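The values are calculated or read from the model by the stated rules, or taken from the named source; none is laboratory data. As the structure is a prediction and not an experimental result, all values here were calculated from the model. Methodologically, a virtual Cβ is constructed for each residue, glycine included, from the backbone with ideal geometry; neighbour enumeration extends over all protein chains shown.
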Ligand SMILES: [Zn+2]
């Protein structure tokens, strides 16, 4: 069984999509005590988890990456390529200063570099603690009419691979939205395609070709996700989804 957890921000004003840095530290400390963390496709006999962080905000590099090193953990970072700059000289405090809404306003992604840069992505990959997924190019709802699926799904992979010199095997669906055409194209180019959905996965094949992710944002306590009742819920949902698929 492979539980995969999904997170977004650290210390953001967008509370449903964020945890505080102290909550994340205690949460990751617990994970390190109880689980082996895996990159997509890896197997382990020990109780294991796959940690995924969406959107490649600079707060991941600033808060989470040092914790991954401290606790010797691995995580998958989902990168929307359009928003990523090569490098920046801006102060961390400025890059962290935007609200969630401001990050996506106008050209703020250029002016304030609120996302990880390619230089930072390379450093994190080199460390062995981070691997990257494509999270499309423009972070659009891919199920909507008029979206260039080839550019979003395959074009983003080409960009990442050229910039990082690295094979990208995972795709994370923006907003968890998809239709049959989206899934078919994503599966053609990536062995691992992730959605949202609070279920665990029987294997890296996922359920119906998609890997489900449990929501890890807005934690109430560091151990919230690991309570027996929560775990039972994730199992139950897996079984329901499995039967339907
Ligand atoms: Zn996203």
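Condition first: part of a loop (DSSP other than H, G, I, E, B) and at pLDDT 95 or above. Can you find one or more residues in region 149-164 that meet it?
Initially, region 149-164 is screened for residues part of a loop (DSSP other than H, G, I, E, B), giving none.
There is no residue in region 149-164 that is part of a loop (DSSP other than H, G, I, E, B) and at pLDDT 95 or above.
Just one of (1) surrounded by fewer than 16 Cβ atoms within 10 Å (Cβ to Cβ); (2) out of contact with any strand residue (DSSP E or B) (no Cβ under 8 Å at 6 or more places or on another chain); (3) farther than 17 Å from residue 96 by Cβ trips up residue 13, so point out which.
(3)
Does residue 177 meet the test of being on the phi < 0 side of the Ramachandran plot and within 14 Å of the chain's Cα centre (by Cα)? Full working, then the answer.
On the way: on the phi < 0 side of the Ramachandran plot: yes; within 14 Å of the chain's Cα centre (by Cα): no.
No; evaluated as a whole, the condition is false for this residue.
Kindly indicate whether residue 168 is more than 15 Å from the ligand (Cβ to nearest atom), in contact (Cβ under 8 Å) with a residue 60 or more places away in the chain, buried (at least 18 other Cβ atoms within 10 Å of the Cβ) and under 18 Å from residue 84 (Cβ atoms). I'd like the intermediate steps shown before the answer.
Numbers: more than 15 Å from the ligand (Cβ to nearest atom): yes; in contact (Cβ under 8 Å) with a residue 60 or more places away in the chain: no; buried (at least 18 other Cβ atoms within 10 Å of the Cβ): yes; under 18 Å from residue 84 (Cβ atoms): yes.
Criteria not met by residue 168.
Go through (1) in a helix (DSSP H, G or I); (2) within 16 Å of the ligand (Cβ to nearest atom) and name the single condition residue 143 misses.
(1)
Just checking, how many residues over region 87-96 are surrounded by 12 or more Cβ atoms within 10 Å (Cβ to Cβ) and free of Cβ contacts under 8 Å to residues at least 60 places away in the same chain? It would help to see each step written out before you state the result.
Filtering region 87-96 down to residues surrounded by 12 or more Cβ atoms within 10 Å (Cβ to Cβ) leaves 88, 90, 92, 94-96.
Add one more test, that the residue is free of Cβ contacts under 8 Å to residues at least 60 places away in the same chain, and what stays is 88, 90, 92, 94-95.
So the answer is 5.
Restricting attention to region 218-228, does a residue exist that is within 16 Å of the ligand (Cβ to nearest atom) and within 16 Å of the chain's Cα centre (by Cα)?
Going residue by residue through region 218-228, those that are within 16 Å of the ligand (Cβ to nearest atom) are 218.
Filter once more, keeping what is within 16 Å of the chain's Cα centre (by Cα): 218.
The answer is yes; a qualifying residue exists.
Modelled with pLDDT of 95 or more and more than 18 Å from residue 6 (Cβ to Cβ): which single residue out of 185, 232, 173 fits that description?
Checking each option against the conditions leaves just 185.
I'm trying to understand the selection: among the residues of region 52-74, which are within 16 Å of the ligand (Cβ to nearest atom) and either out of contact with any strand residue (DSSP E or B) (no Cβ under 8 Å at 6 or more places or on another chain) or closer than 26 Å to residue 149 by Cα (or both)?
Taking region 52-74 as the starting set, the residues that turn out to be within 16 Å of the ligand (Cβ to nearest atom) are 52-60, 64.
Once the filter is applied, which keeps residues that are within 16 Å of the ligand (Cβ to nearest atom) and either out of contact with any strand residue (DSSP E or B) (no Cβ under 8 Å at 6 or more places or on another chain) or closer than 26 Å to residue 149 by Cα (or both), region 52-74 yields 52, 53, 54, 55, 56, 57.
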